[in-house]
Structure formats: C-alpha cells, structure tokens
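A.B. asks: Handing you a structure now.
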Amino acid sequence: MSETLENLSSETRQFPPPEALAAAANVKAEAYEEAKADRLAFWAEQADRLTWAKKWDQVLDWSNPPFAKWFIGGELNIAYNCVDRHVEAGRGDKVAIHWEGEPGDTRTITYAELLKQVSQAANTLTDLGITAGDRVAIYMPMIPEAAVAMLACARVGATHSVVFGGFSVDALSTRIADAEAKLVITADGGYRRGKPSALKPTVDEAVAKSPSIENVLVVRRTGQDVAWTDKDKWWHETVEQASPEHEAQAFDAEHPLFILYTSGTTGKPKGILHTTGGYLTQVSYTHNAVFDLKPETDVYWCTADIGWVTGHSYIVYGPLSNGATQVMYEGTPDTPGRDRFWQIVDKYKVSILYTAPTLIRTMMKWGDDIPAGYDLSSLRVLGSVGEPINPEAWMWYRENIGRNRTPIVDTWWQTETGGVMISPLPGVTATKPGSAMTPLPGITADVVDDQAQSVPNGGGGFLVLRDPWPSMLRTIWGDDKRFLDTYWSRFGAGADSSSSDEWIYFAGDGAKKDEDGALWLLGRVDDVMLVSGHNISTTEVESALVSHPSVAESAVVGATDPTTGQAIVAFVIPRGNVDTEGDAGEQLNVDLRNHVAKTLGPIAKPRQIMLVPELPKTRSGKIMRRLLKDVAENRSLGDVTTLQDSAVMDLISKGMNTGK
Ligand code: 6R9
C-alpha cells in the first residue's frame, strides 16, 4: 500500500441500542471519558475486578518499550480467579459449562465440579513433573477437558500452547519444538461431521519427532483404538483418580500464561506470548463490557474452537473469570443438520451469541427458513469476530438471528492483542452494518498514512495502536527481534527513519475512518490490491459481491496483470437456489462484474469471476487468499498445512482449468 487506501463504499444505515438494554447496560458512555482522563487509573480499576493475592505497586512499566509490564509486583492465580473464587462466594452450584457433544451427548459442569476437575488435573500435572514455567502442548477436540487442561496449566504456572485439533503432524511438532514442551495433553479423537475423527495418531507421529516430550496425557472421548507407548497415560486413570484438593499458588502478574502460534502469511509460525495479570484484566473487562454480560441470567455461547485465540479469551478466561454460564459445542454447524446452531440456541436459551462472519455467510447460503423454524427470542446480544463482516451479512445476522431486536457487536482484535480492542458497546453505540465502530475505553487505535500521520475522517490507511494495553503480547516466544521487526518497526520510535519517540504498534490491517470517525476494517494490508495505481481493498469488493442477491460468499485477490499491474479476480460461491449451469452461469458472471462496477465504481470491476463451491479457509474461518492468488496466477500451491479442508483447493483448481 504505497498511497492511501481508496474509500469506495458508503453505508448509511444506523441502529441505536435498544432502550431497555441501554438503561441497564454494564458500561455507559461515561467510560470513554473516564478512560481518556486517566487511562492507567481506568485499567487499575478494571484490574480490581480480579482477586489478587498481592496487590500491584505500579500499573504500567513502559521504561523499556515496546516490552511492556503491567501490574508490577502484583500476584494472582488465574485458575483461582476463574474457578475457586466463584465457589467460595457460594456459587458452586451454578452451571459453568453446558457441554453439547456433536452426537448429542451432553454434560453439565458446575463451578464446583470444574474446581474438582481442575484441581485433580493440576495434581496430575505435578505428578508428571510439570512445574511453573514448563510448557505444555494441548491438542484437543472441543470437550470440557480442553478447558480443564488449560486451567490446570495456569493453576500450576505451566505455560500452555494450544494447537488446533486437526492440524498436521508437522504443524504440531514444529510448535512442540519451538516451545520445547514437556507434555502433550490430547484425546483419542473427537466427533466431527458425524464421525469420530482421530487425534492420537497425529500426536504419536509428532511425539516421535519431539525429544522434549516426556509424557502424553490422553482423554478417552471416542473410544476408538489407539496405539500406546510408555509415554502415554490415560486421563481417566490419572486425573480422575487424583486428589480433588489443590492449593493454588499465586504467580507474578507477568508470569507467562500461554503461547499461541499465528501462522501469518509467510514464514515460520510466530509464538505469541501472553502473561497473567494484564491479560486476565482485559479479557475479563471486555467480556463484561462488550457483551453486557449479566452472569446471573445470561447464557453465553462462543462458537469458536479453543485452538483459536477467541477460544482462549472468550470461552475460557473471559467468561469463567466473570462467573458466566456458557454453552460449549464440540462439532460442526451442519451435523446432524444445518439447524444445529439454532437448535442449541433454543435448547439452552442462549442470550449472547459470539460467532464468525464465515459462519454467518454460510448460514445465509443455507437459507433464511432454517433459523426461522426456531425460537430465538432468548438472544439479546450478537457478536462477530475473525474477519470484516460484510454489511449484507451483518444485516442478515440482525434480521434473521437477532430478529431486528438485538445489537450486533463487531469486535476487532488479534491473537497479539489478547482481547477485544475495537467494538461497539451494546448499550451505548449506534452501530453501522460492517463497522467495528470505535476503540473500547482505555484503548487508542488510529488509522495512519505511510508517514504515520493520522488520516482525516473519510480517509483510509493502516490500522495502528498507539498506547500499550494490558493484554498486549509481550513478545514472540524466543524471538524478541522478530517481535520488534513485525509490529514496531513500521512506524514510530521503532522505525529506522523515525524521529518520533512514540512507539506505534502496526496491526497489519487496512482500515478507513468514515465521516463520523467510525472505523471500517478492510482486511490484511498484504491483501490490498494495486489496480492501475489505485489501492483497493479486497474486503470492499467482496462486500459489493455479497450484496448481490445471488451471492453467498466471495473472496477477491489481485492477480498480476500486464496492463493494470494487478487485476481483480473474484471467487464467488452462489447462494443455494441460484442456477449456474451454461448460459445462466455466464449471465451471472456478467451481472456480477457490472454490479461491482455500479456499487464501487468502474475501477473495482473484476477482470474475472470464478463460480466455486467452496473457499479455502483456516480452522478459525479466515479465507486463505494467498492460495487463491496462487490459483489465479497459475502457480502451484504454497503451504496448505493450516487449511481446514485440503480437498477444497482441488475443487477450485479443477473449476479454474475447465473455465467454470
Ligand atoms: C481474534 C482474531 C486477527 C486478524 C486481524 C484482522 C482479522 C479479526 C476482525 C477482523 C475485521 C473484525 N479480524 N476480527 N477483521 N473485523 N471484527 O481473529 O485473531 O486469528 O489473530 O486474527 O483477523 O485481519 O488482524 P487472529
């Protein structure tokens, strides 16, 4: 992105918060002013939500930027904050997790039961020689033991590294090696798409290549046959037999809590390191504020996998620190039927739903009649995370799921930020479809040009974060230099040519400010296209395509072009009922190209549109445009190890070759 990003689309719809919700909201408009007046005092106040064994002496130490320390001198135990203190306060019988297995089996886990399991698992970790500072890899399906394992690590001060169940041997073993993990916690398998899907064979292969691993702890979930080595221990023969008494010891506020690897677009995965006190402060605060959580009455459901940061912050640490009752679901959204999500919302009377744009667009494709068959009146706040949500997908979510009553919070954040950074507040913000709106209280985000100058309203550029925040990454595990290079050397004091002494965090996303200063996220800057000298965001072209009634989902890439530098190539999934055979398909192609030209202007008209049945996505639902670019430029495919379903690329390449 050499110049600024073009600001192509305009959206004028706006939805104020429902009055009753606003009147009873956890966070009111004053919070912004309060945080602005004294940011550190504001965060100190939020840290008081937690129970500290020893209070901190200083809120922030920024004397060695960009290496931040928060709540210096403070000590706390994360598991104590997420579990024990709720039991001690007499809420042991409250349900922590309503777990729903994909085949329909269920478990109800109260806070008292969770305390027992976490304590037992902590005792087993200790028996296996795990002590504070050791690293533990977790490779699990979405079963309660996954959360128990994370909390048990936190309880004994071990640093967990969760790897998506389903990632390859290579992905798992490189992550184990990078963190020098001593233990893997896994399961025989989990249920996905109606059948048991094995995990243990992948672990066996990875462990064979991993000299640092001393033990493997295995939960029996599916009962499928597993090979067994002398490193393997069954969970039910160890954890479930262990003493339920475990005294949680407090750790320093900056004690490492977890490493989570993000693949980025190129190169070796980055092990993002998060620590204890600041992380829990921000995830606890934001979970309460952004979802307006009322722990006594709400039933919260985040559909993410715990292998994604969203699962860490908004299934495990945020909700449990707030004493929430939540739903946890093991499987896929179309098993046994495409109504599974709405059946779960109806069954548990879910009141807060947090999901991803990719799922919303998939539900759009499946049709309005599916959610229409369910009672969704329990819902009162809807959330979105993971990608920019196209205005039409946002409207569909509002109308078909929220039934025009519930606010939508579009939450922008990253593995690196630890917690939500930019989002509406459901009782305060008048939302606009497709906009993440404004930074939360206590957060300073901005959009800048090449020279790190703040762009005026109406302009576009790079999203940056200006002040340190409590749940920020502390470094890249074992690679401080890469931490500096990746996030801090683009702008501000960390940049070679800069005369500024302000440290500016480069998020890697493009964004624009509208006329009111609201923020619109435009995708990764690596994905921005340069067409005849114009910087065009993939997100805006995708949103224009999705606004056509025949389109369910789309992904846009810039492919090398002899005349325009780059040309726009779009991959489009038509809605279920759309005829794409023969002439009808060709007509649709012409219509879609014209539709984009009409919506955004002729410069954004795609050179080519491919109708495809699926798009390549990561396990967290992000479209892998890099692979589509390989297809569009007739290259062999790059690294596909983080792809959710590798068969998808074959389908797409075949369509490309036959011109369909
Ligand atoms: C939480 C999470 C981070 C990247 C981020 C951005 C994209 C996430 C978004 C969004 C637009 C939102 N992203 N939320 N883009 N609007 N509400 O997704 O973390 O997996 O590390 O991805 O996801 O591009 O930079 P992570």
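A.B. asks: Kindly provide the trypsin sites (Lys or Arg not before Pro) of region 402-472 that DSSP labels as loop, not H, G, I, E or B, and whose Cβ sees at most 15 other Cβ atoms within 10 Å.
C.D. replies: Arg403, Arg405
A.B. asks: Another one. Quote the FRET efficiency, to the nearest 0.05, computed for Ala132 versus Trp62 with a Förster distance R0 of 25 Å and r equal to the Cβ-Cβ distance.
C.D. replies: Efficiency, from the Cβ-Cβ distance: 0.45.
A.B. asks: For a 28 Å ceiling on Cα separation, which of these pairs sit above it: Lys116/Lys268; Lys116/Lys182; Lys69/Lys512; Lys365/Lys605?
C.D. replies: Where the Cα-Cα span goes over 28 Å, the pairs concerned are Lys116/Lys268; Lys69/Lys512.
A.B. asks: Quick one: helix 144-156 against the long Cα principal axis of the chain, what's the angle to the nearest 10°, folded into 0 to 90?
C.D. replies: Computed tilt is about 60 degrees.
A.B. asks: Right, next: Mean residue ellipticity at 222 nm from the helices of the chain, using -39,500 (n - 2.57) per DSSP H segment of n ≥ 4 over the full residue count, to the nearest 500 deg cm²/dmol?
C.D. replies: -7500 deg cm²/dmol
A.B. asks: Separation between the Arg91 and Ala24 pseudo-spin-labels, each 7 Å from Cα along Cα→Cβ, expressed in nm?
C.D. replies: 1.6
A.B. asks: Hey, what do the phi angles of region 548-561 turn into as Karplus ³J(HN,Hα) couplings, whole Hz, using 6.51/-1.76/1.60 and θ = phi - 60°, x for Gly and Pro?
C.D. replies: For region 548-561, the Karplus-derived couplings read 7, x, 8, 10, 8, 7, 8, 9, 10, 9, x, 10, 3, 9 Hz, x marking Gly and Pro.
A.B. asks: Given that compact globular proteins tend to follow 2.2 N^0.38 Å, what is the ratio of the alpha-carbon Rg of the chain to that value?
C.D. replies: In units of the 2.2 N^0.38 Å rule of thumb, it is 0.92.
A.B. asks: Here's another thing I want to ask about it. Can you order the peptides 200-210, 302-312, 336-346 by their average number of other Cβ atoms within 10 Å per residue, highest first?
C.D. replies: The most tightly packed comes first, giving 302-312, 200-210, 336-346.
A.B. asks: Moving on. In debye, nearest 20, what is the charge dipole magnitude of region 321-373 about its Cα centre with +1 on Lys and Arg Cβ and -1 on Asp and Glu Cβ, if you could check?
C.D. replies: The dipole of region 321-373 has a size of about 80 debye.
A.B. asks: Can I ask one more? Can you send over the carbon and sulfur percentage of the accessible area for region 216-279, probe radius 1.4 Å, protein chains only?
C.D. replies: Using a 1.4 Å probe with all protein chains present, region 216-279 comes out at 45 percent carbon and sulfur.
A.B. asks: Something else about it: Give me the one-decimal nm value for the distance between modelled label points at Lys347 and Glu245, 7 Å along each residue's Cα-to-Cβ direction.
C.D. replies: The modelled label-to-label distance comes out at 3.8 nm.
A.B. asks: Next question. Suppose the chain between Asp334 and Asp639 were pulled fully straight at 0.36 nm per residue; how much longer would it get relative to their current alpha carbon spacing?
C.D. replies: That works out to 107.0 nm of additional length.
A.B. asks: Run the simple label-point estimate for Glu11 and Ala495 please: 7 Å along Cα→C-beta, distance reported in nm.
C.D. replies: If labels sit at Glu11 and Ala495, their model points lie 2.8 nm apart.
A.B. asks: R0 = 22 Å: FRET efficiency of Arg575 with Lys598, Cβ-based, nearest 0.05?
C.D. replies: 0.65
A.B. asks: For region 69-116, give the percent of accessible area contributed by carbon and sulfur heavy atoms, probe 1.4 Å, rounded to a whole number.
C.D. replies: 47
A.B. asks: With the other protein chains left in place, how much accessible area per residue, in square angstrom, belongs to region 1-139 at a 1.4 angstrom probe?
C.D. replies: On a per-residue basis, 46 Å².
A.B. asks: For region 501-660, what proportion of DSSP beta bridges, expressed in % and rounded to the nearest 5, is antiparallel?
C.D. replies: Here the share of antiparallel DSSP bridges comes out near 85 percent.
A.B. asks: Based on the Kirkwood radius over alpha-carbon pairs, what is the Stokes-Einstein translational diffusion coefficient of region 491-631 at 37 °C with 0.692 mPa s viscosity, in µm²/s?
C.D. replies: The estimated diffusion coefficient comes to 198 µm²/s.
A.B. asks: Amide H of Tyr354: which non-local residues (sequence gap of 5 or more, or other chain) have their own amide H closer than 5 Å, using H built in the peptide plane?
C.D. replies: The answer is Trp301, Cys302, Thr303, Gly383.
A.B. asks: Could you calculate the contour length gain from Glu237 to Ser646, that is, 0.36 nm times the residue separation minus the distance between their Cα atoms, to one decimal place in nm?
C.D. replies: 143.6 nm
A.B. asks: Related question: Only bridges with both residues in the chain count here: give the DSSP antiparallel percent, nearest 5.
C.D. replies: Roughly 60 percent of the beta bridges in the chain run antiparallel, per DSSP.
A.B. asks: Classify region 289-438: rounded, prolate or oblate, from the alpha-carbon gyration tensor (a ≥ b ≥ c, eigenvalue square roots; a/c under 1.5 rounded; otherwise prolate if a/b is larger than b/c)?
C.D. replies: Rounded, since a/c falls under 1.5.
A.B. asks: Give me the Kirkwood hydrodynamic radius of region 100-213, using the inverse of the mean 1/r over all pairs of distinct Cα atoms, in Å to one decimal.
C.D. replies: Result for region 100-213, one decimal place: 14.6 Å.
A.B. asks: With just the Cα atoms defining each centre, how far is region 134-186 from region 368-441? Give it in Å.
C.D. replies: Comparing the Cα centres of region 134-186 and region 368-441, I get a distance of 30 Å.
A.B. asks: A follow-up question, please. Under 5 Å between amide hydrogens, which residues at least 5 positions from Ala96 or on another chain qualify, with H placed 1.01 Å from N in the peptide plane?
C.D. replies: Residues meeting the amide H criterion: Ile109, Thr110, Tyr111.
A.B. asks: For an R0 of 22 angstrom, estimate the FRET efficiency from the Cβ-Cβ distance between Asn457 and Glu34 and round to the nearest 0.05.
C.D. replies: For R0 = 22 Å, the calculated efficiency reads 0.35.
A.B. asks: Still on this structure, I have one more. For a quick check: with amide H placed at 1.01 Å from N, whose amide H comes under 5 Å from Asp561's, ignoring anything fewer than 5 positions away on the same chain?
C.D. replies: Gln566, Ala567
A.B. asks: Then there's this: Per residue, what accessible area does region 156-198 have, given a 1.4 Å probe and all protein chains present, in Å²?
C.D. replies: Heavy-atom accessible area per residue stands at 29 Å².
A.B. asks: Could you go through region 100-107 in sequence order and give the Karplus-derived ³J(HN,Hα) for each residue, using 6.51 cos²θ - 1.76 cosθ + 1.60 with θ = phi - 60°, rounded to whole Hz, and x for Gly and Pro?
C.D. replies: These are the phi-based 3J(HN,Hα) values: 10, x, 4, x, x, 6, 9, 9 Hz.
A.B. asks: For region 54-97, state which trypsin sites (Lys or Arg not before Pro) are in a DSSP loop and have at most 11 other beta carbons lying within 10 Å of their beta carbon.
C.D. replies: Hits after loop and neighbour filter: nothing returned.
A.B. asks: Taking the chain as the reference, fit the longest principal axis to its C-alpha atoms, fit the long axis of helix 277-290 to the helix C-alpha atoms, and give the angle between the two in degrees, 0 to 90, nearest 10.
C.D. replies: Orientation of helix 277-290: about 60 degrees from the principal axis.
A.B. asks: Quick check: the angle from helix 111-127's long axis to the longest principal axis of the chain, C-alpha only, nearest 10 degrees?
C.D. replies: Relative to the chain, helix 111-127 is tipped by roughly 70 degrees.
A.B. asks: Which whole-Hz couplings ³J(HN,Hα) result when phi for each residue of region 583-591 is put into the Karplus expression 6.51 cos²θ - 1.76 cosθ + 1.60, θ = phi - 60°, listed in order with x for Gly and Pro?
C.D. replies: With the stated coefficients, region 583-591 comes to 4, 4, x, 5, 5, 4, 4, 5, 4 Hz.
The values are calculated or read from the model by the stated rules, or taken from the named source; none is laboratory data. This one's a predicted model, so the numbers in the text were calculated from it and none came from an experiment. A quick note on method: Cβ atoms are made from the backbone with ideal geometry, for glycine too, and the neighbour counts reach across all protein chains shown. To get the accessible areas, we keep the full protein, side chains included, count just its heavy atoms, and leave off ligands, DNA and RNA. Shrake-Rupley method; radii C 1.70, N 1.55, O 1.52, S 1.80 Å.
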